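The values are calculated or read from the model by the stated rules, or taken from the named source; none is laboratory data. Fair warning: this is a prediction, and the values are worked out from it, not measured in the lab. Positions of Cβ are backbone-derived with ideal geometry, glycine not excepted, and every protein chain shown enters the neighbour counts.
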Amino acid sequence: MRTSARAPSGRGEGARNSLAILAFTAVTNLADGALKITLPLLGAGLTSSPLAVATLSAVLMLPTLLLSLHIGVLVDRYDRRALLWLSNAARVASLGTLLVCALAGPVGLPALYGIGFVLGVADVVAATAVSALVPAVIPKSGWERTNAWVAGTETVAQEFCGPVVGGLLVAAGTSAALGAGAGAYVLASLTLLLLVGGAGRPARSGTATAGVTRQIVEGVTFLWRRPALRLTSVALTVLCACWGAWLALMPLIATHQLGLAPQEYGMLLSALGVGGLAGAAAVTPLNRLFGRRRVMFADLVGTFAMVVLPLLTAEPWLIAAAAFAGGFGGVLWSVNARTIGQYLVPDEMRGRYSATARVLTFGAIPVGAALAGALGELLGPRAALGLFAVPVALLVAPFLRTLTAGELARIFAQPKDAPRSRPAGPAAGDPAGTPAAAPPKPR
């Protein structure tokens, strides 16, 4: 038997919950962005070993690859708001412990590695829980707008404000950096008090008490059997690999082949973030003007231009424009893909769906970077980056075949007050596993 908590009853509750999630996202991402600079800089103060310092950055990302699928099961079993509280409590405790150790004497690298891993786990828990919580506490009419705001907030906090704040805090001293980070996570926890309604606990399905491995397989299978979800996830994996390749090779291209000074390369790099922020602001009106299909297709064009233009031109402004287009289109795709998932994925599966997509996308970034590096040794950086245009071009045919105008209309035709939870298995008579067009009867 499946049970479901009460969804938000009106625009007032939905607007308040959207504000709470946006505030939580802004503060935690600002703190996360600062810590991604703070911890490696603290490590650099302890050792001159490139491997030792680089390992700190890797440790922060390691839980995403190792534990995301298991955390997805956790998010589908327990109250998501409680998990947000616990994740921030772990962050505060970790930074508090590190602060006490720093006041007592020099902090060793093992301590930084351990704290970094705990912070990485807490980040995965929080990100997965927030993704599952949005459609549970906000009415459907507000999903796209909230997704766009969250994407824009993540871009500003992670790409712009966080690194700057982190650098300033380290300059102010270790205690200031760690204390400010802990205080930010406490503040983020307080924003959760704004959430109203009883939809924090996930809906329960017949497999809720099954083994962890079985539930992980169920989540991966669910994504793969739905053509729209499979297409958006595979495409985002390819696009993230392109981003990883661009970020890995562009420093060499900019300095050695374009002759840019460090500050000029910084401006080129910022075009990605500016494009992402512009995409977050424009996605909703663009969807209304041109339709989601054309808007999502624009990302394929933008990413194609981002990786192929450095091969075709040495004009920095053209390469920066292509980077802007890639960042702009990336947010257009991610917001629409996230909204599609919220419509198609039942409440009791949202944690595992989000976790599976997270592993695919975040795992693709280092893979793309490594592959770009290997190809760059053989072909040169510009040619290696240009090769990534091939998989982007190969996405066009499946995109046009799968995300047809009719399919998107069917997905978004569900009534605004439809129940949040739907059966996790394929609809009867639907061997492809695509959810049935008609919504389930109200419970």
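Quick notes on this one:
- Qualifying residue in the stretch 97-110 (condition: polar (S, T, N, Q) and either touching a Lys or Arg at 6+ places or on another chain (Cβ under 6 Å) or closer than 22 Å to residue 347 by Cα (or both)): no
- Scanning the stretch 283-310 for residues that are of a type in the set (A, V, I, L, M, F, W, C), in contact (Cβ under 8 Å) with a residue 24 or more places away in the chain and surrounded by fewer than 17 Cβ atoms within 10 Å (Cβ to Cβ) yields one hit, 301.
- Members of the stretch 355-392 found to be crowded, with 20+ Cβ neighbours inside 10 Å and touching a Phe, Trp or Tyr at 6+ places or on another chain (Cβ under 6 Å), listed by number: 392
- Residue tally, condition modelled with pLDDT of 90 or more and surrounded by fewer than 18 Cβ atoms within 10 Å (Cβ to Cβ), over the stretch 235-267: 0
- Of all the criteria given as (1) out of contact with any Leu (no Cβ under 8 Å at 6 or more places or on another chain); (2) crowded, with 21+ Cβ neighbours inside 10 Å; (3) small (Gly, Ala, Ser); (4) modelled with pLDDT of 80 or more, the one not satisfied by residue 45 is (2).
- Among the candidates 323, 298, 305, 261, residue that is over 28 Å from residue 398 (Cα atoms) and not assigned by TED's automatic domain parsing to the domain that holds residue 162: 261
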